[in-house]
Structure formats: C-alpha cells, structure tokens
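Notes follow once the structure below has been shown.
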Amino acid sequence: MNYLNNVILLKTPRKFLRTTFILDTGSPTTILGYSDALRLQIPFDNLSKRKIIRLGGRKYQGYVFNKLIFIFKSEDNRTVSEKFPVTVIKPTSDKEKEEIGATPTIIGTDFLKNKGYKLFCDMARDIAYLEK
C-alpha cells in the first residue's frame, strides 16, 4: 500500500483535523505540532512528562499523548488508521510559545519502526512514499 502525499487526518476523542506533516528520518520521536495540539484540544494538564526534546538546537519538555489516531489515504484511496503515542511540546513561556508555534507535526522513525512502514524515496523522479 503506497501513501503518496503529506496530508493526514489526526483524530482524538474530542476532535479531528486535516493537516500536513513532515516525515523526518532524523527524528527518533513523533511530535505533534503545538498548533495542531491546540486545534485538537489536547488536555495539556493531563499529560505525563516524557523526555527533553531537541528542536532547532533548543531543548523543550515533551509530554506523552496516547490517544492520537493518524488517518492516511492510500494510493488506491483506502483509509488506513494507526493509533500511536506522540510527544507534545508544551511551552513554558511566551517566548517558547512563539518559537514552537509554527512547528509542524513530525512523523519520526519510531512511528515507521513500530508500525512496520518502509520509506521509499527516488529523488531523481521526485517520488517518496510509505509502504506497509
């Protein structure tokens, strides 16, 4: 099954939204972008601390959210849903809020490994896709 674009639906028990993501093979952790977390009404006060996350050379406190479902469309237009825990960065100051406010949702290698996806990339033909 091939997944051809970077548009995804994100679903929580409260809401869902359509957004874009970055597939980052240099990121070991899947991170829900702060603006996406706000739009999904993630209950920040109920999240447990995870580990320190590095973004753009800076360190931020990451929190675990276990109730996120990624919904992809396959090449043949089938819907594929994957529940996966993500790290959410909760800013601790207005400066941090400004710094991470534009951070997109990042799918890291933990998602690819744990869910059994392979990444195929042909730079000469400008093609990249996931396969399961």
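The values are calculated or read from the model by the stated rules, or taken from the named source; none is laboratory data. Owing to the predicted nature of the structure, the values given are computational and were not obtained by experimental measurement. So basically every Cβ, Gly included, is an ideal-geometry build from the backbone, and we count neighbours across all protein chains shown.
So which pairs qualify, if the first residue must be in the range 95-116 and more than 21 Å from Ile69 (Cα to Cα), the second must be of a type in the set (S, T, N, Q) and part of a helix (DSSP H, G or I), the Cβ gap must be under 7 Å, and the two must be at least 6 apart or on different chains? Hits for this filter: Gly101/Ser35.
Note on the range 1-15: residues that are of a type outside the set (Lys, Arg) and at pLDDT 80 or above total 5. Among the residues of the range 16-50, write down those that are hydrophobic (A, V, I, L, M, F, W, C), at pLDDT 85 or above and not in a helix (DSSP H, G or I). Phe16, Leu17, Phe21, Ile22, Leu23, Ile31, Leu32, Leu40, Ile42, listed by residue number.
Kindly establish whether Ser27 is in contact with a Gly (Cβ under 7 Å, 6 or more places away or on another chain) and either among the hydrophobic types (A, V, I, L, M, F, W, C) or under 29 Å from Phe120 (Cβ atoms) (or both).
yes
Only one of the numbered conditions (1) at pLDDT 85 or above; (2) over 13 Å from Leu10 (Cα atoms) is violated by Phe65, and that is (2). Listed by first and then second residue, the pairs linking a residue in the range 43-65 that is surrounded by 11 or more Cβ atoms within 10 Å (Cβ to Cβ) to a residue that is of a type in the set (A, V, I, L, M) and not in a strand (DSSP E or B), with Cβ atoms under 8 Å apart and 6 or more places separating them unless they lie on different chains, are Phe44/Ala37; Leu55/Ile100; Tyr60/Ile100; Tyr63/Leu47; Val64/Leu47; Phe65/Ala37; Phe65/Ile42; Phe65/Leu47.
Filtered by the rule that a residue be modelled with pLDDT of 85 or more and among the β-branched types (Val, Ile, Thr), the range 68-102 gives Ile69, Ile71, Thr79, Val80, Val86, Thr87, Val88, Ile89. Only one of (1) under 17 Å from Thr20 (Cβ atoms); (2) of a type outside the set (A, V, I, L, M); (3) over 14 Å from the mean Cα position of the chain (by Cα) fails for Glu131. Which number is that? Only one criterion is unmet by Glu131, namely (1). Taking the criterion of being in contact with a Lys or Arg (Cβ under 9 Å, 6 or more places away or on another chain) and over 21 Å from Thr12 (Cβ atoms), the residues of the range 78-128 that qualify are Glu96, Glu99, Leu112, Gly116, Tyr117, Lys118.
Taking each residue of the range 5-28 that is closer than 15 Å to Ile71 by Cα and in contact (Cβ under 8 Å) with a residue 24 or more places away in the chain and looking for partners that are among the charged types (D, E, K, R) and surrounded by 12 or more Cβ atoms within 10 Å (Cβ to Cβ) with beta-carbon atoms closer than 7 Å, six or more apart or interchain, yields Leu10/Asp36; Thr12/Lys67; Pro13/Lys67; Thr19/Asp36.
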